[in-house]
Ligand SMILES: Nc1ncnc2c1ncn2[C@@H]1O[C@H](COP(=O)(O)OP(=O)(O)OP(=O)(O)O)[C@@H](O)[C@H]1O
Ligand SMILES: [Mg+2]
């Protein structure tokens with residue numbers, strides 16, 4: 001499946017753009033968002049990178065922690081996920097606020113007793129958002145501009161981690177409440193209010209399961225690996241693909257970005273050009289089962305709608321202008 005097929009496929013609801021730092025993840029996410037919206041999909045582009053640059057890419061402030069309409073479109077929205085806000089929402093989802101002090105105690109004990117602390121806040125809240133948007137039918141498509149590899153791997157690991165953490169919390173909670181019940185009957189405590197925290201946690205576990213199914217379905221989800229033709233990026237890409245495979249996240253397309261054109265009159269350029277071409281050949285050999293899209297190095301930065309559109313045209317193979 002070419003990148004064009006992915007972008008224009010109706011069933012594809014989630015596209016993630018990921019890879020090493022600085023290779024062009026945000027630019028590709030932005031360009032694919034623009035293509036998707038122009039095609040008619042109600043599109044949301046989300047940054048899960050704590051060091052946001054989606055605002056810079058669109059040349060519009062998307063940092064308010066809310067979904068913001070992107071200028072020039074009536075079907076494109078953007079958001080840089082706000083860590084603090086997101087974390088609070090995530091805690092609400094996992095039942096911290098809703099379940100009250102007992103669950104908090106269980107969570108604290110869980111950390112002490114099992115050595116298993118609650119998941120990291122950045123990843124957790126980003127995942128909370130993914131859960132939220134997976135259920136949200138206001139968008140046909142959600143595009144994730146992810147953080148550099150290590151951070152994103154932690155995010156993708158989260159469903160498993162959370163599932164088992166919530167499972168342990170449930171068990172402990174059950175034990176605690178029967179202990180509390182025992183104490184109440186001994187000391188004649190009054191009726192306790194109905195407690196729905198158990199259900200909340202169970203529901204969250206169900207949502208996580210549903211998300212895992214969606215994220216592992218190649219008709220619904222595609223992780224686009226962005227890289228540059230340099231040895232370090234090749235190694236990191238291998239690691240990323242291996243991990244995506246472990247978590248059953250479909251990744252069949254790769255973008256090799258920032259290719260420099262041949263320029264025989266410049267020795268420096270020729271050296272770089274040759275280095276890149278050698279690496280590009282290795283990349284083709286190594287990732288022979290992956291569809292590769294080549295993107296040239298632009299003569300300037302990729303900022304604003306015009307440049308994002310230009311990149312988009314190249315991504316879907318429609319460009320005559322390959323500077
Ligand atoms: N093909 C290209 N030609 C010229 N400039 C490019 C190209 N691709 C990306 N850039 C520029 O390189 C910089 C990094 O790109 P971008 O922000 O998309 O990468 P990233 O992988 O998201 O980086 P980070 O890891 O910091 O989030 C930006 O200034 C962008 O405009
Ligand atoms: Mg980025």
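Please treat every number below as a calculation from the coordinates, not as lab data. The model shown is predicted, which means the values in this text are computed figures rather than measured ones. Backbone-built Cβ (ideal geometry, glycine too); neighbour counts: all protein chains shown.
One table, with the values for the structure above:
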read-out	value
Distance (nanometres) between label positions extended 7 Å along Cα→Cβ at residue 303 and residue 63	1.4
Gain on full stretching of the segment that runs from residue 232 to residue 210 - 0.36 nm per residue minus C-alpha separation	4.4 nm
FRET efficiency, residue 71 to residue 198 (Cβ-Cβ, R0 41 Å, nearest 0.05)	0.35
Order of 2, 237 under a 10 Å beta carbon neighbour criterion, fewest first	2, 237
Modelled FRET efficiency - R0 25 Å, residue 248 with residue 5, Cβ distances, 0.05 increments	0.75
Order of 76, 156 - criterion: other Cβ atoms within 10 Å of each residue's Cβ, fewest first	156, 76
Ascending count of other beta-carbon atoms within 10 Å, so fewest first, for 255, 7	7, 255
